[in-house]
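Working notes for the structure below.
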Amino acid sequence: MARSPRPAIPAHNDGRQRVVVESIWPRVDDGQFAIKRVVGGTVTVEADVFADGHDLVAAVILFRGPRDRAWREAPMIELGNDRYQGTFSVGEMGTHAYSVCGWIDAFGTWRRGLGRKLDAGVDIALDLRVGADIVRDAATRARGTDLRRLTALAAALEADEATAHRAAAVFEVDVAALVGRYPDRSHATVVEPFLPLWVDRERAGFSAWYELFPRSLGGPDHHGTLADVEAHLDHVAGMGFDVLYLPPIHPIGRTKRKGPNNAVDARPGDLGSPWAIGAAEGGHDAVHPELGSVDDVARLASAARSRGIDVALDLALQCAPDHPWVVAHPQWFRHRPDGTVQFAENPPKRYEDIYPIDFESSDWKTLWKALFDVVQFWIGQGVRVFRVDNPHTKAFAFWEWLIAEVHRDTPDVLFLSEAFTRPKVMNRLAKIGFSQSYTYFTWRTTKWELTEYFTELTRSDQREYFRPNPWPNTPDILPEHLQTGGRAAFAARVVLAATLSSNYGIYGPAFELAEGRPRENGSEEYLDSEKYQLREWDLERPDSLRDLITRINRARRENASLQANTSLVFHPTDNEFLICFSKRSPDGSNVVLVVVNLDPHHIQGGWVGLSLGELGVEGRFTVDDLLAGERYAWEGPRNFVQLNPDVLPAHVFRVEQGVAVSSGPA
């Protein structure tokens, strides 16, 4: 029987690479997509690092930023059971990469064995010579003082002195670190390909959004302008918002225009929906004439920036029947058998004033370029934030390409995904590049729902790529609890959104004034919605929520713990209408504890069971209410809270070790 040929050893393999590196974390879909951080953030990397036999191993994180010419390193320490961990910081926007490198720790292994032989009384003369060779090899990679110290150490190990005296030198405190700086990595294992990391500017991770319709700022029965928005900036800045989001500002189609309350037949003078984009005056790169001009957009963006505010424009990739593209590029739209263009519909709803774009068009490359040009045009006017309308109804591949192309030259541009859709679809959009994402918060109302949902967002894999941006309301969504809960429900929901997440937003004037009138029973549509008509808002009304919103935004700015999500911890309460949670800054110096009454109609009280370790306190401690300006002394893990929704349905406490002036239940 003929013998089978011996298997060839692949030329690219080095059989001397004994270290295994696996199970690197974090990574998204095995490295297919980037994890996300913001400038100044940190990445904590873990990996299993081990080798055959009993040799010790060492490991480092390798990482590189957009302008780094060489790989940088961060040390890793063993957590136990061959699991290693290390951390590095990111200081520049753009694409980064990281991996783990592991190798046999020859000096550490030798020194451990030497210690055991000393304890056993075994002759170590030859072992000292082995150690000298290891140290001398390390010296070949050293310079300056380290070179001199290593050379002296190697000589000491080979000296004619007593072996015990010679051995003592290698157990000095800093010797292992000295030799460890210059290891032999000729057979090291580096995991490739390197894992991707995208770093955004800080606003991607911490922002407060305010939405308004420019056309409603003109006063009674007068169409507002972008100049009116500019005059409104101080109101927005005064409440502490740093992103001002404007629904589409483009010309509105006239064909099949919608009337007030989404009436199918518009009357002369009806304004139509801003999302029905495009008319004779232009398309996505034009401004509605009654709002102003392109120059007004640039002027508004500059004025907002001077106040620390980003102007966010709506990126709604759809067209009214009058959009110039419908005639110029009919191939970009789907046509029905009778030759008419397919309008948008979600039976029984029909949106005959909107034509969806066909992302399966045979002319898709030209289409993609045109849409990219739209984004670039507004970037050229100073816009750096886009709220993207219904991105889940457009091709994933398009968004992945568009965002990457935009970020190539302008990495500071942010994209918010307005995708109220299935979880896996929402997650995919976040993975392919969206900076922030809408959430299901709008419909999560019970303690159990909120706890489960935000635990998922902050403790699962999603935390590495999905940045939640919860909104209590939007122009499209007036949830039932805001229709029936009155002002107290609005107050509770804004506190929850602003503290559960480092990013949040409100549909501004309607929220400030606790607008809760639905178009009809069972509908989430507003009565007399701004989507179809002008509204006049009396923002100076005494029942406005402006003061509360201002206080909660001030608390967010002044407390680092509220500017991130990963430290969110829920604490038990004995009342299902009371939810309690805390956040802690990375250095532990700032801790905020939040308690909210979820019942807008009744006073609710109960005992909260605190994890004192999470709060960084013990015994007696102080809680300062950042909303009411009151201070309490608490003691131990159980404390009583009572909240009257007609007064204030929430506490936002800053926690400090120590005793307050007054004490008692909050």
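A few points about this structure:
- Here the translational diffusion coefficient of segment 352-458 follows from Stokes-Einstein with Rh set to the Kirkwood radius across Cα pairs; for 25 °C and 0.890 mPa s it amounts to 159 µm²/s.
- Kirkwood Rh and Cα Rg combined as Rg over Rh, evaluated for segment 1-153: 1.07
- Around the Cα centre of segment 311-356, unit charges on the Cβ atoms of Lys, Arg, Asp and Glu (plus for the first two, minus for the last two) sum to a dipole of about 160 debye.
- Projected area, mean over directions - the chain, Cα convex hull, nm²: 43.1 nm²
- For segment 433-546, the share of accessible area belonging to carbon and sulfur comes to 46 percent (1.4 Å probe, ligands and nucleic acids excluded).
- Which of ASN597, PHE511, SER186, positive extreme of dipole for the chain (C-beta unit charges): SER186
- Pairwise centroid distance, computed over Cα atoms, of segment 405-465 with segment 21-73, Å: 24 Å
- Bridges between two residues of the chain, per DSSP, are antiparallel at a rate of about 75%.
- Principal axis dimensions, segment 407-557 - Cα atoms, whole angstrom, descending: 44, 40, 34
- Estimated FRET transfer efficiency when R0 is 30 angstrom, pair SER460-THR393 (beta carbons, to 0.05): 0.70
- Across segment 330-392, the relative contact order, built from alpha-carbon pairs under 8 Å that are at least six residues apart, equals 27 percent.
- Maximal additional length on extending the VAL647-HIS335 stretch stands at 106.6 nm, based on 0.36 nm per residue less the C-alpha distance.
- Extended-chain gain in nm, criterion 0.36 nm per residue less alpha-carbon gap, ARG181 and HIS602: 145.1 nm
- Axis of helix 106-120 versus longest Cα principal axis of the chain: the two differ by about 50°, to the nearest ten degrees.
- Over the chain, dividing the summed -39,500 (n - 2.57) contributions of all DSSP H runs of at least 4 residues by the number of residues returns a 222 nm mean residue ellipticity of -8500 deg cm²/dmol.
- Options ALA231, PRO330, TYR532, ranked by Cα towards positive dipole end of the chain, top entry (Cβ charges): PRO330
- FRET efficiency for the ARG638 to ARG554 pair, using the beta carbon distance and R₀ = 22 Å, is estimated at 0.15.
- Percentage, to the nearest whole number, of Cα pairs in segment 123-171 over 16 Å apart: 32 percent
- 3J(HN,Hα) along segment 134-143, derived from phi through the Karplus expression 6.51 cos²θ - 1.76 cosθ + 1.60 where θ = phi - 60°, amounts to 5, 5, 5, 5, 4, 5, 5, 9, 9, 9 Hz, with x in place of Gly and Pro.
- Net charge of the neighbourhood of ALA628, taken over other residues with C-beta under 15 Å away and scored Lys/Arg +1, Asp/Glu -1, is -1.
- Solvent-accessible area, 1.4 Å probe, carbon plus sulfur percent, for segment 155-249: 54 percent
- Among the listed pairs LYS258/LYS447; LYS36/LYS256; LYS258/LYS394; LYS369/LYS531; LYS36/LYS447; LYS394/LYS583, those beyond 31 Å (Cα-Cα): LYS258/LYS447; LYS36/LYS256; LYS394/LYS583
- Simple point charges give the picture: +1 on the Cβ of Lys and Arg, -1 on the Cβ of Asp and Glu, and for the chain a dipole about the Cα centre of about 1360 debye.
- Counting only the Cα atoms, segment 538-639 fills a convex hull of 122 Å³ per residue.
- What the Cβ-Cβ distance of ARG535 and ASP82 gives, at R0 = 60 Å and to the nearest 0.05, is a FRET efficiency of 0.45.
- Solvent-accessible area per residue, Å², over the chain with all protein chains present [probe radius 1.4 Å]: 45 Å²
- Size of electric dipole in segment 87-162: Cβ of Lys, Arg +1 and of Asp, Glu -1, about Cα centre, debye, nearest 20: 140 debye
- Virtual spin-label span in nm between GLU290 and ARG112, 7 Å along Cα→Cβ: 7.7 nm
- Where labels lie 7 Å past Cα in the beta-carbon direction, separation of SER362 and ASP270 in nm: 3.8 nm
- Relative contact order %, the chain, counting alpha carbon pairs below 8 Å whose residues are six or more apart: 10 percent
- Cα pair count fraction exceeding 19 Å, expressed as % - segment 167-326: 67 percent
- Ranked from largest to smallest solvent-accessible area, with a 1.4 Å probe on the protein heavy atoms, TRP325, TRP634 come out as TRP325, TRP634.
The values are calculated or read from the model by the stated rules, or taken from the named source; none is laboratory data. This one's a predicted model, so the numbers in the text were calculated from it and none came from an experiment. With ideal geometry, Cβ positions are generated from the backbone for all residues, glycine too; neighbour counts draw on all protein chains shown. Ligands, DNA and RNA are excluded from the accessible area calculation, which covers all protein heavy atoms including side chains. Shrake-Rupley method; radii C 1.70, N 1.55, O 1.52, S 1.80 Å.
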